[in-house]
Amino acid sequence: MNIYKYLLDTIENKGGVYLILIDPDKINGEKLSLFIRNCEKSGVDGFLIGGSLMINSKFEEFIEQVKISTNLPAIIFPGGVNQISKIADAILYLSVVSGRNAEHLIGTHVLAAPIIKAKKIEPISTGYILVESGTTTTVQYMSGTAPIPRNKPEIAAATALAAEYLGMKLIYLEAGSGALISVPENMIKAVASQCSVPIIVGGGITSAKTVRQKMDSGANIIVTGNFFEDENNWDLVRDFASAVHIKIPVTV
């Protein structure tokens, strides 16, 4: 399966894509299988796997468990070159275009490219834009890059457009894991007004209402992560998925 085409087709057919980000350090074993099955029956479209800081050294075994538990796509969300597995369906080939740290713009990509080719993993080039979220997130600290101020949507829009012009297939607006506040709607609108590639929005999303606000502002793909590490929230997965999958009729 071509995963990028799958994402585009899902956006077209269902109005949007809902992905759950799973951090191997936060959930595993039987709990992982139960969670994945719950997500699948609740309408989730796929899974992102990875994290900015990963203590669990059994990355490939983790992805294998995910693949055993579901037929939905398992897409690597890499925090480093050590997070690459041939078992995965694809990998987001992330470039932190909002920062000026060359290591995360191109450095690790040079190391990862031959590995990805050898393992025959589908790479999906993604312009990754960190957005100010009210706290210092793990990805901000580990990448050593400053986020775009949340009151500067024009900077985000210009950065996203530059990423598209460089050939990137997705734009990822990221508040970060554990964000106190999510990516602002006016920033999403600004980026959507400039870009023609799908826009992913993640970080700090804790309600179906917020999901819909992001979608109505121009997001095409929603990602949630640590909110669902709490089992008490699992019953809400269906509500989040339903908020994504509202196809707006095209008016002529």
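None of the figures in this text is laboratory data; all of them are computed from the coordinates on show. Being a predicted model, the structure only gives us computed values, none of them experimental. Every residue, glycine among them, receives a Cβ derived from its backbone with ideal geometry; neighbour counts consider all protein chains shown.
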For the chain, averaging the sequence separation of alpha carbon pairs under 8 Å that lie six or more residues apart and dividing by its residue count, the contact order in percent is 20
At a 10 angstrom cut-off on C-beta neighbours, averaged per residue, how do the peptides 197-207, 106-116 rank from highest to lowest? 197-207, 106-116
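First measure r as the distance between the Cβ atoms of Lys5 and Ile181, then evaluate 1/(1 + (r/R0)^6) with R0 = 30 Å and state the FRET efficiency to the nearest 0.05.
My answer for the efficiency is 0.35.
Please order Glu30, Glu164 by the number of other Cβ within 10 Å, starting at the fewest.
By the 10 Å Cβ count, ascending: Glu30, Glu164.
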Farthest toward the dipole's positive end in the stretch 3-244, which of Phe240, Ile121, Pro147, given Cβ charges of +1 (Lys, Arg) and -1 (Asp, Glu) about the Cα centre? Ile121
Amide H within-cut-off set for Tyr172, under 5 Å, with H built and near neighbours excluded: Gly127, Tyr128, Ile129, Ile200
Taking neighbour Cβ counts within 10 Å as the exposure measure, how do Leu7, Leu32 sort from fewest upward? Leu32, Leu7
Tell me, what is the percent relative contact order of the stretch 67-172, built from C-alpha pairs under 8 Å that lie six or more residues apart? 26
Once Rh is set to the Kirkwood radius over Cα pairs, what Stokes-Einstein translational diffusion coefficient, in µm²/s, holds for the chain at a temperature of 37 °C and a viscosity of 0.692 mPa s? 183
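So, with +1 on the Cβ of K and R and -1 on the Cβ of D and E, and no other charges, what is the size of the charge dipole of the chain about its Cα centre, to the nearest 20 debye?
On the way: 22 positive and 24 negative charges, 82 e Å.
The calculated dipole for the chain is roughly 400 debye.
Any idea what the alpha-carbon Rg over 2.2 N^0.38 Å comes to for the stretch 115-252?
Ratio of Cα Rg to 2.2 N^0.38 Å: 1.08.
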Expected vector for the stretch 214-227, Karplus 3J(HN,Hα) from phi with 6.51, -1.76, 1.60 and θ = phi - 60°, integer Hz, x for Gly and Pro, equals 5, 5, 5, 7, x, 5, 10, 9, 10, 10, 10, x, 5, 4
Suppose R0 equals 35 Å; then what is the FRET efficiency for Lys14 and Tyr165 from their Cβ-Cβ distance, rounded to the nearest 0.05? 0.80
Set Lys5/Lys152; Lys14/Lys117; Lys117/Lys214; Lys26/Lys58; Lys5/Lys86 screened for pairs whose C-alpha atoms are more than 24 Å apart: Lys5/Lys152; Lys14/Lys117; Lys117/Lys214
Does anything in the stretch 159-178 have its amide N under 18 Å from the 7 Å Cα→Cβ label point of Ile106, and if so which residues? 162-169
